[in-house]
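These notes concern the structure reproduced below.
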Amino acid sequence: VRPVLTALAGVVDVPAAAGDAPTPCASYTVTTLRDHVLGWLQHFADAVTDPDRTQERADPVAYLAAADDRAPSEVVRDSARRIDAALAADVLGRQVVMSQARMDGPAVLAMALGEYLIHGWDLAAATSRAWTPSEDACEAALEFFGGMITPEYRSEDGAGGMFGPELPMPDDAPALHRLLGFAGRDPSWTAART
């Protein structure tokens, strides 16, 4: 998770002029996707830091980077530090209360890994920046999502569900491309083509 969050910190600071640009995630512009990413990343960090949910958590959907005094990259780095501390405190050996359900610690981290691999690529592609996560990270996320994503998580246009229809990829395609295809993303998407 740490290398992915380090890379994510490099793509969340976007120029204001790019804010209304489209992203491969059909429901979001660059600004609204960045806010989604940062709101939920802090939610993940809150969850692993306080796995029993003894304290109230901020609504991740209500987060707006424009209302935060910190730079978006600092929000990512702060969340990464909190996740590292939770890992050191053995959150992987515990159950974690997410929104309303309890999940095993490894499942929470696998979900976060997949979320930020895909949305990191979304932001990078929308702002014409590189996104080169490790094959191992992409394979781990693909394995987790493959066992979790059922048809009700998908929508025809990718806007009504978490994922669009799966786009088949060759077996020998890079792991990132297979992960993106599984999530309904076209790995050749560019902002210039929209």
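The values are calculated or read from the model by the stated rules, or taken from the named source; none is laboratory data. Predicted, not measured: the structure shown is a model, and the values here were computed from it. Here the Cβ is made from the backbone with ideal geometry for all residues, glycine too, and neighbour counts use every protein chain on show. Note: areas computed on protein heavy atoms with side chains; ligands, DNA, RNA excluded. Shrake-Rupley method; radii C 1.70, N 1.55, O 1.52, S 1.80 Å.
Brief remarks on what is shown
- Verdict on E152 being of a type outside the set (F, W, Y), modelled with pLDDT under 95 and in a loop (DSSP other than H, G, I, E, B): no
- Residue list for the stretch 83-93, filter: surrounded by fewer than 18 Cβ atoms within 10 Å (Cβ to Cβ) and either in contact (Cβ under 8 Å) with a residue 24 or more places away in the chain or part of a loop (DSSP other than H, G, I, E, B) (or both): D84, A85, L87, A89, D90
- Verdict on V37 being over 23 Å from A85 (Cα atoms), modelled with pLDDT of 95 or more, open to solvent by less than 10 Å² (accessible area, probe 1.4 Å) and of a type outside the set (G, A, S): no
- Of all residues in the stretch 1-26 being in a loop (DSSP other than H, G, I, E, B) and of a type in the set (G, A, S), the one that is least open to solvent (accessible area, probe 1.4 Å): G19
- All conditions in (1) closer than 25 Å to A126 by Cβ; (2) at pLDDT below 95 hold for S79, with the sole exception of (2).
- Boolean, H119 is in contact with a Lys or Arg (Cβ under 7 Å, 6 or more places away or on another chain) and within 20 Å of F145 (Cα to Cα): no
Yes or no, residue by residue, for (1) surrounded by fewer than 23 Cβ atoms within 10 Å (Cβ to Cβ); (2) in contact (Cβ under 8 Å) with a residue 40 or more places away in the chain; (3) not in a loop (DSSP other than H, G, I, E, B):
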position: V96; (1), (2), (3): no, yes, yes
position: Q100; (1), (2), (3): yes, no, no
position: M103; (1), (2), (3): yes, no, yes
position: V108; (1), (2), (3): no, yes, yes
position: A112; (1), (2), (3): no, yes, yes
position: L117; (1), (2), (3): no, yes, yes
position: L123; (1), (2), (3): no, yes, yes
position: R129; (1), (2), (3): yes, yes, no
position: C138; (1), (2), (3): no, yes, yes
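- Output for the stretch 155-180, where each listed residue is at pLDDT below 95 and surrounded by 11 or more Cβ atoms within 10 Å (Cβ to Cβ): S155, D157, G158, A159, G160, G161, M162, F163, G164, P165, E166, L167
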